[in-house]
Amino acid sequence: MNVIEIDKQYVANTYARFPLQLVSGKGSYVYDETGKEYIDLGTGIAVNAFGVGDEAWKKAVVEQLDKIQHTSNLYYSEPCALLAKTLCQRTGMKKVFFSNSGAEANECAIKAARKYGECKKGKDFNTIVTLKNSFHGRTITTLSATGQDVFHQHFTPMTDGFVHAAANDMEELKTLVKTYKCCGVMIELVQGEGGVTALDKDYVKAVEKLAKEEDLLLLIDEVQTGNGRTGELYAFQAYGITPDVVTTAKGLGGGLPIGATMLGERAENLFTAGLNGSTFGGNPVACAGAQSILERIDEKLLAEVKEKSAYIFETLRNAKGVNRVTGMGLMIGIETEKDASEVINACMKRGVLVIKAKNKVRLLPALNIPFETLKKAIQIVKEEIEK
Ligand SMILES: *Cc1c(COP(=O)(O)O)cnc(C)c1O
């Protein structure tokens, strides 16, 4: 049996995979088992922030592997402490809880909001408002937070305590906050899985103001938008807001699993010993790798992300067959006249990997993709959309 047959027989049937097996890569190039080359504009869903086989990240990971691969959270560990320090210093947040995925990072954010509600107003102030069309993860509670009914089917009862408002609709959000006993508001600033759409700046500012007035925690899900993806280290910095909790994962690990829940001033002391935990959370290898990723997301790199973003928007916005280009930085959605899947499959045949978000073609290239490589790939994407 080949790999595809073995996978189909033995791996749980939860993914509609492309008929493609990736075996190696370097930078923004990846290769299948026949040696065919692809320019990767998907980066394992915004995970391989610096592409494949990034030397600095590999060095950090291997050096840590040579020391100790895991310690448990019963003991102190330098990579974990230093990564928390870097995250706080670069965001203004105060403390970090480490886990292993975006969903877990959001679970911790939800716990923080509920604890806050209990402390400030009483135990029944436990409802969190999230947005329609959002995506917050696959655990039962983060699915409940996710404002898309398709994800709720088959798994009811969902966790209580989530209500959903339409994105950019301040009136609906206010009504929900007045109607329910709330403890927090949780939003993605650019809805990723929901179709790569950025929230309006005025709306986000108004949400921040409402959260302050109503004494609710403002939780920002930056699992996908974080770590340089939108042209700022974190997207909230582009919106000029001060969140109470920021979650991230995907690109932070550069390819290894990690989740981080950053707690601001109003949230930093909500957790005391025993109130949350994770066996693998803060793993020294994952943290050492993440540190090397963060160190290189500097002003120069962020300026390049913005330049590359502008190039993609300019090239595709008025192209034939393109209805709309949305998103921010190197997190881009293209609404095409053709079916998105048709474009994606045609690009794959021509050696360019792009992915989907709702009905859009989604681009999530490596932050450090060379301009020439990006141009070559975007030209092919454009041709396949125009055809
Ligand atoms: C991917 C994603 C998640 C879930 O992350 P996992 O690591 O798959 O648990 C949560 N929120 C957003 C915004 C995401 O893009």
Subject >> Count - residues of region 15-59 that are in contact with a Phe, Trp or Tyr (Cβ under 9 Å, 6 or more places away or on another chain), within 23 Å of Gly228 (Cα to Cα) and of a type in the set (A, V, I, L, M) >> reply: 5
**OP:** Those residues that are closer than 13 Å to Ala109 by Cα, in a loop (DSSP other than H, G, I, E, B) and within 10 Å of the ligand (Cβ to nearest atom), I need them from region 212-231; list them, please.
**Re:** Glu222, Val223
Original post:
In region 278-387, which helices (runs of 4 or more DSSP H) lie fully inside it and hold 3 or more residues that are over 21 Å from Val47 (Cα atoms) and touching a residue at least 60 places away in the same chain (Cβ under 8 Å)?
Top reply: 299-317, 371-386
Subject >> Odd one out for Thr141 among (1) modelled with pLDDT of 95 or more; (2) over 20 Å from Ser99 (Cβ atoms); (3) within 16 Å of the ligand (Cβ to nearest atom) >> reply: (2)
Subject >> Residue in region 79-94 that is within 16 Å of the ligand (Cβ to nearest atom) and either under 21 Å from Thr248 (Cα atoms) or assigned by TED's automatic domain parsing to the domain that holds Gly25 (or both) present >> reply: no
Original post:
So how many residues does region 117-147 have that are of a type in the set (S, T, N, Q), touching a Phe, Trp or Tyr at 6+ places or on another chain (Cβ under 7 Å) and not in a strand (DSSP E or B)?
Top reply: 2
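Residues that are on the phi > 0 side of the Ramachandran plot and under 18 Å from the mean Cα position of the chain (by Cα): find the helices (runs of 4 or more DSSP H) completely inside region 6-113 holding 1 or more of those.
Values: elements: 43-46, 55-67, 78-91.
So the answer is 43-46.
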Original post:
How do the pairs read when you match residues in region 245-259 that are farther than 11 Å from Gly289 by Cα and in contact (Cβ under 8 Å) with a residue 24 or more places away in the chain with residues anywhere that are within 7 Å of the ligand (Cβ to nearest atom) and part of a strand (DSSP E or B), using Cβ under 8 Å and keeping only pairs 6 or more apart or on different chains?
Top reply: Thr247/Asp221; Thr247/Gly259; Thr248/Gly259; Ala249/Gly259
Original post:
Can you name every residue in region 11-40 that is more than 17 Å from Lys58 (Cβ to Cβ) and in contact with a helix residue (DSSP H, G or I) (Cβ under 6 Å, 6 or more places away or on another chain)?
Top reply: Gln21, Ile39
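Mind telling me which of the residues Tyr239, Tyr234 ends up being more than 15 Å from Val61 (Cβ to Cβ), of a type in the set (Phe, Trp, Tyr) and away from the ligand (no atom under 14 Å from the Cβ)?
Tyr239
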**OP:** Check Val190, Val185, Val246 and return the single one that is more than 13 Å from the ligand (Cβ to nearest atom) and at pLDDT 95 or above.
**Re:** Val185
**OP:** Kindly indicate the residue of region 101-135 that is in contact with a helix residue (DSSP H, G or I) (Cβ under 7 Å, 6 or more places away or on another chain) and closer than 16 Å to Cys183 by Cβ and also nearest to the ligand (Cβ to nearest atom) among those meeting that condition.
**Re:** Asn106
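The values are calculated or read from the model by the stated rules, or taken from the named source; none is laboratory data. Just so it is clear, the model here is predicted, and its values are computed rather than measured. Neighbour counts run over all protein chains shown; Cβ positions are idealised from the backbone, glycine included.
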